[in-house]
Every structure is written in C-alpha cells, then in structure tokens.
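Heads up, the thing below is written out as structure tokens.
The values are calculated or read from the model by the stated rules, or taken from the named source; none is laboratory data. As the structure is a prediction and not an experimental result, all values here were calculated from the model. No Cβ is skipped: glycine too gets one built from the backbone with ideal geometry, and neighbour counts run over all protein chains shown. The area values use the complete protein model at the heavy-atom level, side chains included, leaving out ligands, DNA and RNA. Shrake-Rupley method; radii C 1.70, N 1.55, O 1.52, S 1.80 Å.
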Amino acid sequence: MYYVVMPSRDIRENLATEQYLMNQKNFDEPLVLFYIEKPCIIVGRNQNTIEELNNDYVREHQITVTRRLSGGGAVYQDLGNLCFSFVVDAQDEKFGDFQKITQPMVDALHQLGATGAAVSGRNDILIDGKKFSGNAMYTRNGKTFSHGTLSYDVDLDVLTHALKVNPDKIKSKGIKSIRSRVTNIRPYLKPEYQNLTTEQFRDILLLALFHADNLADIQEHEYQITAADQAQIDQLRQQYYDNWDWVYGKSPKFTVKNRKHFDMGTIDARLQIEHGKIQGIKFYGDFFGSQDVQQLEQQLVGVVYNYDALQQALQPLDLDQYFHGIDATAILNLIAP
C-alpha cells in the first residue's frame, strides 16, 4: 500500500489531488490518502447545493462550499476532521461495499481503543449509535475511490447550524442528506489518544494501517506530489472545485417559496431556479407600488441565484416603486438564498 499526506488545508485543492491521483496515476498497490480542511461543506454529486445549506450562516462564517464527484449527502468539515480515501482497482472491489473497503480504517480505530466502531447502514461508521464517519464512492476508468470523514474533534455546533435548512423553503428533486445524530470519535479512544492534534491522530492511524512503529519505517511507501502533478491538479481544481457552474450550476431544477408580512403589506415570492440561475420569479401579496411588479420580475430573470448577485442586481433599482414602504434590504433577504 502507498500513501499520500496532503499538506493543503483547502478542500478544493485536496479533492482535485484525489481526482488526479485516481485518474492519472497507476499504482501497483492500493493507495490511501489523508487530508485535513479548514471549515467547508462538500455536497454530493447529485444534490442541490443551495438546498443543503443554511446559506446565511455559511456566508456569515465564510465556510467554503464545493461539490464532489461521488454521490451521497452533504458533510461539514473543519480542522478537527480527518479525511481518508482508498484508491483501488475497480475489479478488486464491489461498488457500494463500504464495509469491506473501510474495514482497515475500522480495524485501526479498534487498535486505538474505539472497539465499538462499526460500519452501519449504507455508508456510515457509527459508535454508540452515533455517526462519526460518512463515506462515498466513485468509479471511473477501472479505478474506484472510497473517501470518508473521521470526526475527531469537529465543532458539532457549527455543523448543526451550517447544514440546517428549512425543508418548506426549497423543493427540488436533488438527493437530500439524511440528518442523523453525530459525535466525535475522540472520547471513545484510549486516554493517550484523546488529546492529540488532528495531524497527530492522522499519523497514529497511518502507523496502525501499516502496522509500523514510526513514520520512518514506512517512508518508502509515501508518494510525493511532483511539480508536473501539481500543474494538472491546478487545472482540475479550476475545472471543478473552484468552478461556480460545477458547484452550484449542476444543481437540479428547483423552486423557492418565501413569504413574509411587513407593516406595509405581505410579499409572497416564488422562484424557479435552473442551472443556478433565476428562470422565473413571481411576487404575490397585498403590497402597494406605483409601478407594475412584473417589470421587476423580468429584470431578475437570468440573475445568478446567490446573495451577492441578487444584491448587485437590486442595488440600482428603486424598489419602493414596487413595494412601497418596505426596506430594500428586507426584500433582498426575502428572495436570496
């Protein structure tokens, strides 16, 4: 087995590296990757990105959002989370057999004291009935990668806020995440492993996987990213994980319904979103305005459906002509994700 320890703390860089190593490099043995990220949310390939997020919270806390190649649900990660990925020949593993492919990691956790850890359901690893690891798979060109999270010391309060969304607000056919009770694995480890940094936790797991006593003993198994590798990784990052069209534009068609009562009337906004842009919008309600609100609706068609783009589109307009006595910022907050 070979391994790669990614130095970047940016999920977009790390997903691009994972994709490159799977598709462009041929190893004669399985490959295991480890990476750690700053606060981020990664949605599954078939999900509606906006539908999975508490967008106000994500924007306020500057949480990175991207989409991965594999399916499954949205996950939150921060510097207290360790990601791992196994890259194997597709012919050697049955697609969807998460129990088999993640078993080496489960065995390593058992060695560290988390003897109750076990693969459960479709793709989770649980302990005491609580989830601390979610996993997803992707296959292409004879290779399969199975990547997963390991919550060691994740801020669970941020997790519950960042992924909390009103289910009545957005309706789509995207694959929705299944919310479950979550925990960190740290309290379940032996005492000597409960006060590690995430990097130290990673190294201990790596040694357990290789049945080694120190990193020097397995150095020959480490693959180092070259300058030529990095150039292609940069291209993949730009093509996918830094690309608005991939992260948001690939979301399925969906509708948004927001209604709010103001002192000067009620506004009921209905939006149709396709490829991440407004395809149709209607305002209903008992509000007053000197101009026909259809003029505003026509101007908003084609605008990218995110807060910044809507703010820019509305800024030069006199919204009081359409919604007399209602604050422009309140209208923006009503229709923006």
Tilt, helix 227-236 to longest principal axis of the chain (alpha-carbon atoms), in degrees rounded to tens, equals 30 degrees
Across the stretch 267-313, what fraction of all alpha-carbon pairs, as a whole percent, falls in each successive 10 Å bin from zero upward?
26, 54, 19, 1
Where the centre of each part is set by its Cα atoms, how far does the stretch 291-330 sit from the stretch 221-271, in angstrom?
23 Å
Shape of the stretch 202-309, Cα gyration tensor, a/c cut at 1.5
prolate
Please build a GNM for the chain, connecting alpha carbons under 10 Å apart, and tell me which residue among THR226, THR183, THR17 fluctuates the most.
THR226
Compute the relative contact order of the stretch 185-283 as a whole-number percentage, counting only Cα pairs closer than 8 Å that sit 6 or more residues apart in sequence.
14 percent
Derived scalar couplings ³J(HN,Hα) [the stretch 22-28; Karplus, 6.51 cos²θ - 1.76 cosθ + 1.60; whole Hz; x for Gly, Pro]:
6, 8, 10, 10, 10, 9, 7
If you rank ARG122, ARG59 by how much accessible surface each has, with a 1.4 Å probe, what is the order from largest down?
ARG122, ARG59
Arrange the peptides 127-135, 309-317, 32-40 so that the one whose residues have, on average, the most other Cβ atoms within 10 Å appears first.
32-40, 127-135, 309-317
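Students sometimes get this wrong: rank ARG12, ARG259, ARG140 by accessible area, probe 1.4 Å, all chains present, largest first.
Numbers: ARG12 55, ARG259 165, ARG140 105 Å².
In descending accessible area the options line up as ARG259, ARG140, ARG12.
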If the viscosity is 1.002 mPa s and the temperature 20 °C, what Stokes-Einstein diffusion coefficient in µm²/s follows for the stretch 61-117 when Rh is the Kirkwood radius over Cα pairs?
151 µm²/s
Using only the alpha-carbon atoms of the chain as identical scatterers, what base-10 log of I(q)/I(0) does the Debye formula give at q = 0.06, 0.09, 0.10, 0.14 Å⁻¹?
-0.26, -0.55, -0.65, -1.07
Using alpha-carbon pairs under 8 Å, 6+ residues apart, how would you state the relative contact order of the chain in percent?
17 percent
Whole-Hz ³J(HN,Hα) for each residue in the stretch 45-52, computed from phi via Karplus 6.51 cos²θ - 1.76 cosθ + 1.60 with θ = phi - 60°, x for glycine and proline: what do you get?
4, 9, 9, 8, 4, 4, 5, 8
Checking the a/c ratio against 1.5 first, then a/b against b/c, what shape does the Cα gyration tensor give for the stretch 34-97?
oblate
Counting lysine pairs in the stretch 1-134 that sit 8 or more positions apart or on different chains, with Cα atoms under 27 Å apart, gives 9
Give me the number: length gained by fully extending ALA309 to VAL106, i.e. 0.36 nm times residue separation minus the C-alpha to C-alpha distance, one decimal in nm.
68.6 nm
Would you work out the relative contact order for the stretch 9-100, in percent, from Cα pairs under 8 angstrom that are 6 or more residues apart?
39 percent
Using a probe radius of 1.4 Å on heavy atoms only, what accessible surface per residue do you get for the chain? Whole Å² is fine.
48 Å²
Residue-wise, which Karplus ³J(HN,Hα) couplings in Hz belong to the stretch 191-203, taking 6.51 cos²θ - 1.76 cosθ + 1.60, θ = phi - 60°, and x for glycine or proline?
x, 5, 10, 9, 10, 8, 6, 4, 5, 5, 4, 4, 5
Sorted by chain and number, the residues with a modelled amide H under 5 Å from that of ILE127, at a separation of 5 or more or across chains, are PHE132
Once you have the Cα-Cα distance between GLN291 and ASP213, take 0.36 nm times their residue separation minus that, and quote the gain in nm to one decimal.
20.6 nm
With the Cα gyration tensor of the stretch 228-269 in hand, convert its eigenvalues to equivalent ellipsoid semi-axes via √(5λ) and list them largest first in whole Å.
43, 11, 5
Ignoring everything except DSSP H segments at least 4 long, calculate the 222 nm mean residue ellipticity for the chain; use -39,500 (n - 2.57) per segment, divide by total residues, nearest 500.
-8000 deg cm²/dmol
Measure nothing but the geometry: give the 0 to 90° angle between the long axis through the Cα atoms of 98-111 and the longest principal axis through the Cα atoms of the chain, rounded to 10°.
60 degrees
